[in-house]
Each structure stands twice: as C-alpha cells, then as structure tokens.
1. Take the conditions surrounded by 14 or more Cβ atoms within 10 Å (Cβ to Cβ) and either within 20 Å of the chain's Cα centre (by Cα) or of a type in the set (S, T, N, Q) (or both) and apply them to Q90. Does it pass?
2. How about the stretch 18-55: which of its residues are hydroxyl-bearing (S, T, Y) and either outside any helix (DSSP H, G or I) or within 14 Å of N74 (Cα to Cα) (or both)?
3. Exactly one of these conditions fails for V61: (1) touching a residue at least 12 places away in the same chain (Cβ under 8 Å); (2) crowded, with 17+ Cβ neighbours inside 10 Å. Give me its number.
Amino acid sequence: MSNYSSKKILVGPSVKRILEEMGNQIRLARLRRDLSVELIAKRAGISRATLWKIEKGDPSVAMGAYAKVLNAINMEKDLLLIARDDALGQLLQDAKLESKYKRK
C-alpha cells in the first residue's frame with residue numbers, strides 16, 4: 001500500500017524554479033511581518049512541516065495549503081494574480097476571431 005505523503009511529484013525544471021521562488025517570497029513576506037512558523041501554521045490550520053514545504057516550493061503541497069498560508073499572512077488577494085494577464089490566450093483568441101470574421 002503506498003503512502004500518499006511520500007509520493008514523488010514530478011515537475012519540469014522551470015516549474016520547480018517558479019515554486020521555489022514562490023515559496024521564498026512567501027517566507028520573506030512572513031519574516032517581514034515578523035510572524036513565526038508556529039503562528040502561521042496555526043492560523044492556516046496546517047502543520048509546521050507543511051509550511052516549511054511551502055516555503056521550500058515543494059510541489060507535493062496542495063494549492064489549498066498555499067491559499068491558507070497567504071490568508072494567514074493577509075495576502076490572499078495575491079491569488080487573483082495567477083493567470084490574470086493571459087497575453088498568449090488573448091493573441092490566440094484575437095487571431096481566431098479575425099479569421100472567423102475576416103471580410104471576403
């Protein structure tokens with residue numbers, strides 16, 4: 001029987017770097033506010049070990065845990081920044097619309 005918590009989550013190197021940077025940014029925000037790991041873990045309803053994983057950018061941590069931590073440090077609105085500016089999606093949509101409604 002496999003233990004879910006010990007599963008290795010594979011991500012590409014670019015995603016790994018982004019998660020590590022995001023974790024570091026969360027850690028720095030916590031430190032700037034002079035908040036302890038214990039306090040934030042308690043506020044977020046997660047273990048200290050999970051918070052440490054978040055701050056290291058561990059890909060096995062659920063997105064909901066990140067949201068709880070951001071809420072605990074009063075930064076939950078930063079979640080609204082994820083995929084907000086979808087430049088590629090807008091270009092693709094515009095190209096599709098232009099070809100669909102192109103004057104003949």
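1. no
2. First, the residues of the stretch 18-55 that are hydroxyl-bearing (S, T, Y): 36, 47, 50.
Listed by number, the residues that qualify are S36, S47.
3. (1)
Read the figures in this text as sums done on the coordinates, not as results from a lab. The model shown is predicted, which means the values in this text are computed figures rather than measured ones. Cβ sites come from the backbone with ideal geometry, for glycine too, and all protein chains shown count toward neighbours.
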